[in-house]
Each structure stands twice: as structure tokens, then as C-alpha cells.
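Right, one structure below, let's go through it.
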Amino acid sequence: MCGIVGVLGHNQVAPILVEALRRLEYRGYDSAGIATVNKGALERRRAVGKLVNLSDLLVHNPLAGHAGIGHTRWATHGAATEHNAHPHACGPVTVVHNGIIENFRALREKLAPHGLSASTDTDTETVAMLCAYHLAQGLDPEAAVKATVAELDGAFALLFLFEGQEDLMIAARKGSPLAIGHGDGEMYVGSDAIALAPMTDQITYLEEGDIAFVTRAGAKIIDVNGQLANRAKQKIETQATVIDKAGHKHFMTKEIYEQPVVMSEALSRYAPNGAPAFPEALDFSRFDRIVMVACGTGYYSCLTAKYWFEQIARIPCEVDVASEFRYREPPIAPRTLAIFVSQSGETADTLAALRYAQGKADMIVSLVNVGTSSIARESDLALAILAGIEVSVASTKAYTNQLTLLALMALACGQQKGVVSDEQVATYVSELRGVPDLMRQALKLDAQIADMANALAPAQSVLFLGRGAMFATALEAALKMKELSYIHAEAYASGELKHGPIALIDPTLPVVVFAPFDRLFDKTVSNMQEVMARHGNVTLITDAKGLSEASAGTQNRLELPITGDLSGPIVYALPAQLLAYHTAMAKGTDIDQPRNLAKSVTVE
Ligand code: M6R
């Protein structure tokens with residue numbers, strides 16, 4: 001979602017700001033802009049589309065100044081136009097913003113009688129107007145920002161720059177993260193440490209409600225109560241901020257191919273000696289019920305884990321998407337463990353759902369890929385999924401590492417509740433330990449999957465089918481296909497087919513069936529036969545045993561290695577990812593930053 005950077009430098013900051021914004025491109029955006037203060041005067045440059053448009057503009061129309069702020073915008077209020085692009089300005093103040101100002105209409109009405117009227121469609125401009133109003137009342141920038149922030153409803157990260165102030169930026173955090181970077185006589189602000197990585201590895205993360213007054217000498221931070229706050233400076237590991245395609249054409253393929261390695265790392269951390277090893281605080285004997293909440297791909301990892309928790313650990317498990325859970329206001333019974341899954345750890349809906357569960361669930365555990373994230377910090381226990389930075393908007397390695405941790409949690413749960421023996425646990429863990437090799441075998445099918453994708457690319461729509469945990473795999477496959485190729489895709493539990501979607505079947509609708517040779521195989525194959533009986537065009541993804549039983553009549557076949565209950569959904573995710581990737585390649589879509597999408601969805 002929107003990216004924020006700010007620099008108080010020794011040299012011209014425009015090129016530094018653009019470079020920092022480039023490092024935030026992965027978040028997804030549709031316009032970009034920067035503002036500087038130079039010889040006391042504020043100036044802005046903004047452009048729609050990719051950052052290269054802003055760089056080109058700056059070549060012809062440069063922006064001088066040693067202090068500046070920049071922004072990549074993911075449109076919420078108002079179309080993606082130059083006019084609506086950040087920074088927004090009003091008189092002596094300019095501001096960039098990530099989040100939503102919910103009361104912007106009321107604020108506009110309040111400011112109108114004072115001669116301040118909006119000239120854009122955005123909520124953000126109202127922040128600049130309000131701050132300008134307070135400055136006009138005689139407040140200095142510090143007091144004006146405090147007064148402004150106090151009047152804002154919603155979730156935001158804000159960064160202000162002022163006319164006549166070449167040694168001041170003011171940052172405010174409520175609901176969206178911000179990091180302060182410490183340089184040598186220079187200071188920086190960024191949405192995350194990644195943006196600031198080439199400039200500094202010394203980072204201070206703002207807490208909820210903090211306002212930071214940043215000068216080249218350092219940052220003074222006040223907390224939500226207006227008290228001076230002492231926030232620690234952390235050294236960020238350079239490895240954690242490396243953004244590099246490592247020779248791959250896209251971040252997505254790099255991340256797909258990293259899966260065997262990052263899964264091994266997760267197994268080494270969470271099952272070092274052949275059994276699940278989680279912090280003692282996670283004592284499953286305390287719980288009678290599990291609630292899991294997430295969005296998008298994280299939701300599908302939870303849906304997969306529901307099968308594991310219920311079938312292996314015999315514990316009732318409810319799964320919901322965060323945007324429904326938070327407003328559904330479900331009763332949470334005593335002895336409930338609430339699990340929140342989020343790659344970014346900043347997804348607004350998941351964070352709000354977590355806050356709803358606070359004080360109701362017995363324990364809140366999050367699975368995150370960003371240890372400093374809001375969701376991690378607000379959980380009783382945050383488990384790092386150890387996938388490494390995921391840059392591609394379409395989540396891949398985070399998904400399979402989420403599955404890895406959830407599988408181990410289901411085993412720990414079954415073991416602690418006495419329904420799974422130590423021997424069974426050891427067998428399951430050994431199955432998981434074999435997955436990185438199975439993944440490598442699956443990745444060898446890349447060229448074959450590319451051929452399948454080329455045949456699929458002209459389709460208007462694709463249907464994915466699966467049973468049991470493979471239903472969740474089918475849902476994840478459909479999500480990947482939609483976000484990357486823009487082809488409409490749906491997934492059904494294959495037993496549901498005859499209750500409606502079978503009406504769609506004709507030779508033009510590709511149907512992809514995930515069917516490992518397991519206890520549900522015959523059932524899934526019966527549904528596949530129903531599709532073929534209606535001249536459906538079937539791609540069967542199975543293993544050698546499955547192919548020998550049921551390949552007749554299918555148009556395409558993919559042979560994966562033999563898998564088990566835990567390994568199947570992890571291994572079968574890889575062809576699903578590659579199929580979407582290669583279909584997108586065939587269609588020429590923007591793979592790492594698909595249209596309209598953002599990596600970290602920090603607004604509702
Ligand atoms: O950062 P999160 O895991 O909380 O993000 C949730 C979804 O926005 C995310 O999984 C989204 O669906 C991805 N683009 C899927 O590839």
C-alpha cells in the first residue's frame with residue numbers, strides 16, 4: 001500500500017527520495033510524488049503510473065533542496081491522477097499519508113468557513129488543510145501537528161514538511177507503521193526499513209500514537225499521552241533488507257524457487273529434533289477450540305490447517321476472513337486459542353480482528369513474516385514464519401511456510417492433548433522434512449507447467465477443483481490465477497460441483513483438478529468424470545499412482561511426487577503458483593505488481 005519516505009540530508013534529496021521510493025515499489029502503487037523545501041519554499045513534482053514517470057519528470061523539471069518527503073500512492077479516495085497524488089499541500093505545509101482519514105468530510109466542513117477548501121478528491125489533503133489552519137492560528141509546526149493529529153479519526157502514517165523549515169520533518173503513527181532512520185548528520189523516515197536500507201541500518205520504529213519531531217540532530221518522540229518517549233534504536237540485519245531478483249526475471253519466480261530453502265529453515269527452527277518445538281507459552285492443553293483469522297492467501301493457509309487441526313489433533317477449529325470476523329462479532333468461548341496469520345503483519349482487517357479477540361480469547365498467537373509488525377507486537381506470542389522478505393505482491397513462499405508452521409502446530413496440539421502419539425508425531429515430522437526435496441522435484445516440472453499455461457492463457461475463466469485440504473489448495477490456485485493473469489478463476493470443493501457449477505462445464509472452460517492418490521482420490525475422480533462426461537477440458541494434477549488410475553480422458557496431466565496428508569497441500573501449491581505465473585507471462589501482465597493490488601493492505 002502507500003509508501004512514505006523522508007530525508008533531511010547533506011546533499012540534494014530528490015534522487016535519494018526517488019531511489020527510496022523504488023525500494024517501496026513492491027508495496028503496489030499507481031502514482032508517485034516528492035516535495036522538497038528549498039531556500040524556504042515548498043515545491044512538488046508528481047506523476048501518475050510507474051516511478052519512471054516521476055524520474056522522467058524530474059529530469060526535465062528538477063527539484064532542488066536538502067530536505068524532502070516522497071510517496072507512492074495506492075488510490076483509495078479519488079482516482080489515480082496527478083492531481084490526487086501525494087504530497088498534498090496547503091499553504092505552508094505539505095504532507096504524505098498512508099491509511100484513511102475517516103472524518104475527512106466533517107473536517108472539510110469545519111475548515112470551509114475559514115476559507116480552506118479542498119482542491120482534490122483525497123482524504124489526505126484535509127490533513128494539510130487542518131495543519132495549515134492551526135499554523136494560521138499562530139501555532140508552531142510542532143503544536144500544529146499535535147493539534148491536527150488529535151482531530152483525525154482513522155488509521156494513518158503521516159509525514160509533514162514545512163515552508164521555511166529546512167531542518168524539520170514531523171512523522172505521526174496511528175495504525176500504519178513508520179520507521180525513523182539515523183544517519184551521520186542526516187535523518188530519514190520510511191514506511192519500513194527496506195526503504196531506508198542503502199542510507200542506514202540504524203532504525204527506530206514508532207509505536208502506536210507516537211509523533212516524532214525529526215531534525216538532522218536526531219528525533220524527539222512523544223507518545224500517545226504526549227510524554228517524551230525513549231524508543232530503542234535497532235540495527236537492522238542487511239540480509240533482511242536485500243531486495244534482489246538473484247538472476248530471476250521476476251521476484252515471484254525467485255520466491256517460488258526459494259521455497260525448499262526457507263521451508264528447511266522453518267523446520268530447523270520449529271522442529272529441530274524430529275518433534276515440534278514451540279515456546280512453552282503455547283500450551284495446547286489449555287484450549288478446547290481454535291479460531292483462525294486471516295485475509296487472502298493467509299486465509300487459505302488457515303483453511304488448510306483446519307483440516308489438520310480437526311483430523312489430526314481432534315480440536316474444533318473455526319476459520320474466517322478478517323473483514324467478516326471483525327464485524328460479525330462472534331462470541332469467543334472460554335479456552336479458545338485465536339491464531340492470526342499475516343505475511344506483512346500490517347493487514348488492517350486482520351489487525352482489527354486481532355484487537356476484537358483481545359481480552360476474549362485465552363491466547364492470541366500470530367504467524368507473521370515481519371517480526372516488528374503491528375500484528376506481531378499486539379499478539380501474546382508471535383511466531384516468525386522465516387520466509388525472508390517477500391517482494392512479489394502474489395504471496396508464494398510465505399504461504400508454504402505458513403502451512404509448515406501450522407502443520408507443526410497441529411502436531412504439537414495433538415501431542416499435548418494426548419490424541420497423537422510421539423511415534424505418529426515423529427512420522428509426520430519426517431514427512432514434513434521430506435517436503436523440500438519434493439518441492440525441488442515439483443520445480444523440475446516448470447517447463448511442462450509453462451506449456452500447460454500457454455494452452456490455458458486464452459481462456460475466459462478457469463475452474464479449480466479439490467477435496468479435503470486440496471479444496472483450500474484449489475482456492476489458493478484460483479486466487480493466484482486471478483491476481484496474476486486477470487483471468488476469472490473459481491474454486492470448488494469437487495463434491496459441490498453437481499450442486500450448480502457443473503452448469504458451466506463446456507469444452508472452453510479449463511478445469512484443473514488437484515487429486516493426490518489419497519483416501520479421497522476416488523471421490524475426486526468421480527467428480528472429474530462428471531466433468532469429462534460433459535466434454536469438459538480437464539488438467540489432472542496428481543502423482544504416479546493417480547495417473548495410472550485415472551488419466552484416461554484428461555487433456556493435460558502433471559505428475560507430482562507421492563505426498564501425504566501434511567506434505568500434499570504444501571507440494572501442490574507449487575504447480576498452482578507456477579501455473580498462474582506462466583499464464584501471466586503468456587498474457588504479458590505485470591507479474592510482481594499486478595494492477596490494483598498492494599503488498600500490504602493497510603486500509604480497510
Ligand atoms: O500480509 P497478509 O498476509 O496479511 O496479506 C493478506 C492478503 O492481502 C494477501 O495474502 C493477498 O491475498 C496476496 N496478494 C495473495 O497473493
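The values are calculated or read from the model by the stated rules, or taken from the named source; none is laboratory data. The structure displayed is predicted, hence computed values, not measured ones. We place every Cβ from the backbone using ideal geometry, glycine too, and count neighbours over all the protein chains shown. In case anyone asks, the SASA skips ligands and DNA or RNA and just uses the protein heavy atoms, side chains included. Shrake-Rupley method; radii C 1.70, N 1.55, O 1.52, S 1.80 Å.
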Item to check | Residues satisfying the stated conditions in region 245-276, i.e. under 23 Å from Ala313 (Cα atoms) and open to solvent by less than 40 Å² (accessible area, probe 1.4 Å) | outcome: Met263, Ala266, Leu267, Tyr270, Ala271, Gly274, Ala275, Pro276
Checklist entry - Of all the residues that make up region 169-199, how many are assigned to a loop (DSSP other than H, G, I, E, B) and surrounded by fewer than 20 Cβ atoms within 10 Å (Cβ to Cβ)? => result 5
Next on the checklist: Which of the numbered conditions does Arg105 fail, given that it passes all the others? Conditions: (1) among the basic types (Lys, Arg); (2) crowded, with 24+ Cβ neighbours inside 10 Å; (3) without any contact (Cβ under 8 Å) to a residue 12 or more places away in the chain.
Outcome noted: (2)
Checklist entry - Inside region 446-468, can you point out the residues that are in contact with a strand residue (DSSP E or B) (Cβ under 6 Å, 6 or more places away or on another chain) and among the hydrophobic types (A, V, I, L, M, F, W, C)? => result Met452, Leu456, Ala459, Val462, Leu463, Phe464, Leu465
Checklist entry - Arg377: away from the ligand (no atom under 12 Å from the Cβ), closer than 30 Å to Lys254 by Cα and surrounded by fewer than 24 Cβ atoms within 10 Å (Cβ to Cβ), yes or no? => result yes
Checklist entry - Where residues in region 340-390 are in contact with a Pro (Cβ under 9 Å, 6 or more places away or on another chain) and polar (S, T, N, Q), which of them is nearest to Arg326 (Cα to Cα)? => result Ser374
Next on the checklist: So in region 581-604, with the set limited to residues that are among the aliphatic types (A, V, I, L, M) and part of a loop (DSSP other than H, G, I, E, B), which one is modelled with the lowest pLDDT?
Outcome noted: Val603
Checklist entry - Hey, among the residues in region 429-450 that are open to solvent by 50 Å² or more (accessible area, probe 1.4 Å) and within 15 Å of Leu267 (Cα to Cα), which one's farthest from the chain's Cα centre (by Cα)? => result Ser430
Checklist entry - Any chance region 233-253 includes a residue that's in a strand (DSSP E or B), hydrophobic (A, V, I, L, M, F, W, C) and more than 30 Å from Ile449 (Cα to Cα)? => result no
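With the requirement that a residue be of a type in the set (Val, Ile, Thr) and over 18 Å from Arg440 (Cβ atoms), what does region 544-591 give you?
Thr554, Thr583, Thr589, Ile591, listed by residue number.
Against the condition at pLDDT 95 or above, more than 16 Å from the ligand (Cβ to nearest atom) and farther than 27 Å from Glu431 by Cβ, how does Asp362 come out, does it pass?
So Asp362 passes the test.
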Next on the checklist: Yes or no: region 12-28 includes at least one residue that is open to solvent by less than 50 Å² (accessible area, probe 1.4 Å), farther than 30 Å from Ala394 by Cβ and touching a Ser or Thr at 6+ places or on another chain (Cβ under 7 Å).
Outcome noted: yes
Checklist outcome for this item: Checking Gln311, Gln343 in turn, the sole residue that is away from the ligand (no atom under 15 Å from the Cβ), touching a residue at least 24 places away in the same chain (Cβ under 8 Å) and within 24 Å of Thr404 (Cα to Cα) turns out to be Gln311
Item to check | Residue ranges of strands (runs of 3 or more DSSP E) in region 328-406 with at least 2 members β-branched (Val, Ile, Thr) | outcome: 336-342, 363-368
Next on the checklist: Cβ-Cβ under 8 Å, sequence separation 6+ or interchain: first residue in region 218-242 and more than 16 Å from Met187 (Cβ to Cβ), partner at pLDDT below 90. Which pairs?
Outcome noted: Thr238/Ala197; Ala240/Ala193; Thr241/Ala193; Thr241/Ile194; Thr241/Ala197; Val242/Ala197
Next on the checklist: So the check is Cβ under 6 Å with 6+ separation or different chains; which pairs have a first residue in region 476-505 that's free of Cβ contacts under 8 Å to residues at least 12 places away in the same chain and a second one that's within 14 Å of the ligand (Cβ to nearest atom)?
Outcome noted: Lys482/Ala489
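Looking at Leu578, Leu574, which is the one that is within 16 Å of the ligand (Cβ to nearest atom), in contact with a Leu (Cβ under 7 Å, 6 or more places away or on another chain) and closer than 27 Å to Arg433 by Cα?
On inspection, the qualifying residue turns out to be Leu574.
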